[in-house]
1. In 20 Å bins starting at 0, how do the alpha-carbon pair distances of chain C split up by percent?
2. What list do you get for C:473, C:262 if you sort them by fewest beta carbons within 10 Å?
3. Can you give the FRET efficiency to the nearest 0.05 for residue C:523 and residue C:123, using r as the Cβ-Cβ distance and R₀ = 35 Å?
4. Within 10 Å of each Cβ in peptide C:242-251, how many partner chain Cβ atoms are there on average? Round it to a whole number, please.
5. By how many degrees, 0 to 90 and rounded to 10, does the Cα axis of helix C:257-291 deviate from the longest principal axis of chain C?
6. Sorted by mean Cβ packing within 10 Å, highest first, what order do the peptides B:200-209, D:21-30, A:124-133 take?
7. Note the angle between two axes, namely the Cα long axis of helix C:77-89 and the longest principal axis of the Cα atoms of chain C, as a number of degrees from 0 to 90, rounded to the nearest 10.
8. If one puts a single equal scatterer on every Cα of segment C:71-177 and applies the Debye formula without solvent, what log₁₀ I(q)/I(0) results at q = 0.22, 0.23 Å⁻¹?
């Protein structure tokens, strides 16, 4: 590990530098997902016939995945709580649980997609399915990225280092959860 | 140069008028700003032993020099907005009663013009299709239905001061009323692939007799 | 988090250690903000040469259609489209942005706010690496089968979406990937700039003590960050349209080509301000230094900039007036577009008012800065013609538009860059540049620049539309007088390009044999002039990090003998 | 700022799960408006719970709130600006025929047969006739006589494949080269564009075969 520059330790706004950066990162993510979901919503409202395609999404898969992500968010916040009180090992364990949630989410997703694709609902079937796979896929990439970063943070936390990062990855993870909270009604419930 | 280009439609003069309005208003500011700018550079060039003034920009008597023109710019903007909405509304938003309707279809890399035949109706047996040739009669109001087959194109007739993109999947209606006879360029003003530079057409504006002759000559045999 | 709230003063003493870069590998792998700035600068300069070469080729084709261009050969229509497309893309995304924002942002922000580095040095390095990769991708896209993408830098689908329309399926996809990677690089860089300025200011430096150029770069980064998201989403959709055959922009499949235009311009318009603001910031700093004047209304300038930034999000569809959007919406966007002329005019007025009462020294950087204002005014004023929807019906996609935005982008990307480069050259490289050569280069660039683009205004008014490789197919445009104007523009371009050799000569000469630069050659106030030229790794010795006592523009105070008052000098 | 906010995370979590159950149950009532309210209303409530309690935005500085609110507001702005064109299918002096058709088609499909809206193109089969009509016919004409709509404007005129004289000087290889590398490659008009980036070798052969079928040997 290289030594941190003095700049990193300063905090003129009162928000620690890492957390400030995460908020800005989330703002840039909000506009990425906003652009995609905004486009989807506009098309969806202009195309009542998409409801026909949306019938074929499986609400139970979606609901189960919502449950998984909410639970993993819960464990992420418990990890943060542990890290705040300096319990690095406990924080790492909770982060591992969160990563388990991510893995479960991805597994369920892959089963769900396999079933849908085998029924002919591929990404090119119609534009509803294009949006469905693109939005969920982009979200899935965030899940994967979050889980990988979480692995590094957990390893550090286990050694009691960089404990403030537990909160940062947690905030990011809650955001991933939030995106899904909106994707779930948009793609699954509204039919 | 814009004077060199003929005004061949009923609204060409309006567009030119708007251009002149903007030119006068913004030109006024432009020359004042440049004059003040170069004047200040000359007046306050470094001279030995002369120190610069300490001015914060909060002094009321100096600040006026910014806030006053600032308000005037806004007033000029309002004039331009009014003029512009007028022209825009006339060309793009309203549709005067049509004497004829033509259908214009853009595709890589040609324009197809579907003229109504002698019956004056589109989509009847005597429609005249012409590639890259639009034949219209002077002093008649035309509606055009603009469509595209593949990619975006833009139907542009500089002498009319008219331009409208054609989109695949959409049909866009517009109008023009030629006021001069002659032969002019029709351009495609939206890049449409490697043949974009070839996508030229001509518009032939003729008087009533000339147009009738063209219609008779080109009406397809039933 | 608990650690981060450790008393700042205390932390400054023990965390830092110096290990300067050693050797080439070390240089490439450095996290020092100054090294990364140089990497951005030189990559940007290289890309500028590439973009300039493209301009040379297509201007030659326009002036002498059909003849073989020396150094390139016969220009086919497809190659012509690829040249203009990539010229635009490269000049904006790989020249203006990396040089103005990334290079000068990286170099100046930590130095000007008295920090030893960016707050996330390794993210900073990653940002450059992604950027470098994106540059390789865009250059590679020119040489794949089918040639480079030729659907204009706006990449409107369906032309950009389907290989059967653009005939460059590989080039189009690589182009898109290159642009998307570049966005990622600047998102990473932008977060760094924003957090550095917000959090890592030197003790005593309040928000209004920050030099305006830093604020401008940071506001530009914020604008970029908040506007680019929809386009990233849109780029993913376009990529799927290209490669997987989805129909997001295909009307036949229920998609909509206009959606891309909205996504693109929602980013594309703020993007203009993303590159404009740093250039204005550079100008105002240089003008203040060489006019020996306090900026006329620091807060006015800052708030006006914020207002411009906010307004810039409300005007995007003025690029689409005639593209098939609902004509009623055009009125809304026309009003917002003309309103934005108010804050922009105000910014110009503030800079001009700063000259009042000054003691103006016409050094090379000052000449560039003043030229920026004079030329940008032309660009701004001609923009009003295009913002007025009624006039835009005629001017849209003509050479008038082209000349207009070159009158904005050239001052921004070229004049602004040369101003900054000549001003901070002593700090960056520790050597003084030749003023005589600098002035020769200045006049050799400015005069031909105007001779290139004023004829293009005239051509645009005469109805000449853009992106046409050869006007012989348009009888009204094929006349000898039109051709003469094209030839004049091309000859002026050749002249301008030739004069750039003077710059490169001056650059190398100064670098190798230039006079050693003192700490503060221009007697300026800001913090970067209080350290060595060039600054060491860490910028200041860790126990001598500067503290700030006043604003950056305290020039010509009547109560002091020297006409400047550095920010870090205790009262 | 303090990090000692005592949130009962477990209670928040249980609330979230309860809301999830409601949003899944909503559609079973079968009333569209109820579905939408339970779906999106609850999504907003859930999002708020997560943001305030898990992300601790309640205790964060105002700056962070503004950052997020601004980004959301910009998305609303984007949708508001784009919706008149993208969401609606007709407006002043324009109509989005293709989108309206897609809606009609979808509605018809719905009545005709449940699963037919999924049209899966057969992969791997190259449709030379279709490609010819799509690409080549624009200039060469669908009858292959060089009388395509765009072709009429060109000088020199596109080749007439039905002309026996044309085939006297051509062989398959030359035609293939012309399609792949453009007219210039065989010393013909530069207006014949190179299409090699579009087709692989086998597809080029199929195209050549189809073009050849217009000629004398093909008849």
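Throughout, read-outs are computed from the coordinates displayed, never taken from laboratory work. Since the model is a prediction, treat every value here as computed from it, not as a measurement. Every residue, glycine among them, receives a Cβ derived from its backbone with ideal geometry; neighbour counts consider all protein chains shown.
1. The percentages, shortest bin first, are 20, 56, 23, 1.
2. Numbers: C:473 19, C:262 30.
Exposure proxy ranking, most exposed first: C:473, C:262.
3. Details: r = 35 Å, r/R0 = 1.01.
For R0 = 35 Å, the calculated efficiency reads 0.50.
4. Values: counts 0, 0, 6, 5, 11, 5, 8, 2, 5, 11.
Going residue by residue through C:242-251 and averaging, the value is 5.
5. Helix C:257-291 sits at roughly 40 degrees to that axis.
6. On the way: B:200-209: 17.6, D:21-30: 15.5, A:124-133: 24.5.
Answer by packing, highest mean first, reads A:124-133, B:200-209, D:21-30.
7. It works out to around 20 degrees.
8. Taking Cα atoms of segment C:71-177 as identical point scatterers yields -1.10, -1.17.
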